[in-house]
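Here the structure comes first, spelled out in structure tokens, and everything after it is commentary.
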Amino acid sequence: MERLGMGPKKKKCESFAIFEKNNARASFLIQDFTLARKAGRPQEIERALLQGAVVFSIGALDNFVHELILEIVPRFGGNGDALHEPLRNIARDDPALALRVALAPTPERRREELQAALDKWLESKSFHGVSAVVNGLKYCGVDLSEVGLPTNWRARVEHFTEMRHKIVHRGMRPSLTVENATECVDLMGRLAANINDEAVKKYHP
């Protein structure tokens, strides 16, 4: 694994660049709603665009944390204390991993072996909601900065996460305004940007 600061200087983690593309797609759904909007009460197909924007944006943040862990831990080591239990579980489920890593011919191959095992372990994890995001960042050794976030950001993240669950898991169709959906997309974007800034500051100074 590389030492801190040995990575190339950059402004964006690869995982954050992916997040930006995904969150932009959520914004496109809001734009489509505006273009498709007809006079009177929104039709169900129009409302689905705003609901989809919330689902996509929450999913984008979830995927960002997942990919950030895969980007940082195999290369830089992350937070050893926070990773102690996950690595024990990974080793238990894949006893041959240690041997494959030890026998890997190159550092890059060793990282790939660890990354693949970590990715498989993360398949059963989700990073929906504030606590889950914070716990995921602990694996990376990255703190969650609240700089520039609204004072009620935690409550709003939980609100939109619960809305996402109702839409996806219960088939509910909550009523949303453009302002609601835009708030969600913007908040996920600001939160992810703060996470990216802290990760870059720590691993790519």
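The values are calculated or read from the model by the stated rules, or taken from the named source; none is laboratory data. Predicted model only: the values in this text are computed from it and were never measured. Note that we place each Cβ from the backbone using ideal geometry, even for glycine, and neighbour counts take in every protein chain shown. When the accessible area is computed, the model is the full protein with side chains, heavy atoms only, and any ligands, DNA or RNA have been set aside. Shrake-Rupley method; radii C 1.70, N 1.55, O 1.52, S 1.80 Å.
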Can you compute the charge dipole magnitude of the chain about its Cα centre, using +1 on each Lys and Arg Cβ and -1 on each Asp and Glu Cβ, nothing else charged? Give it in debye, rounded to the nearest 20. 200
Rounded to whole Å², per residue accessible area for the chain with a 1.4 Å probe reads 55
With the full set of protein chains in place, find how many percent of the accessible area of the stretch 139-205 is carbon and sulfur; take the probe as 1.4 Å. 49
On the accessible surface of the stretch 19-66, probed at 1.4 Å with all protein chains in place, carbon and sulfur together account for a percent value of 59
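Working out 0.36 nm times the residue gap between residue 152 and residue 28, then minus their Cα-Cα distance, what length gain in nm do you get to one decimal?
Separation in residues times 0.36 nm, less the Cα-Cα distance, equals 42.1 nm.
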Cα-only radius of gyration and Dmax that characterise the stretch 46-142, units Å: 15.7, 55
Hey, how many Å between the Cα centroid of the stretch 118-172 and the Cα centroid of the stretch 11-25? 16
Using the alpha-carbon centroid of each, what span in Å lies between the stretch 185-204 and the stretch 56-113? 20
Length gain on complete extension for the stretch residue 165 to residue 125, per 0.36 nm per residue less the alpha carbon to alpha carbon distance? 12.9 nm
Expected 222 nm ellipticity per residue - DSSP helices of 4 or more, -39500 (n - 2.57), all of the chain, to 500: -24500 deg cm²/dmol
Under-18-angstrom lysine pairs by C-alpha in the chain, whenever the two are 8 or more apart or on separate chains: 14
Normalised by the residues of the chain, what does the relative contact order come to in percent, with Cα pairs under 8 Å and at least six apart? 37
Looking at 61, 83, 35, which one has the Cα that reaches farthest to the positive end of the dipole of the stretch 17-86 (charges on Cβ: Lys, Arg +1; Asp, Glu -1)? 35
Quick check: pseudo-label points 7 Å beyond the Cα along Cα→Cβ at residue 36 and residue 177, how many nm apart are they? 2.1
Residue ranges of DSSP H helices in the chain that stretch 18 Å or more (Cα, own long axis) and have mean Kyte-Doolittle hydropathy of at least -0.5 are 14-36, 44-76, 178-203
Two pseudo-spin positions, 7 Å from Cα along C-beta at residue 93 and at residue 116, lie apart in nanometres by 1.5
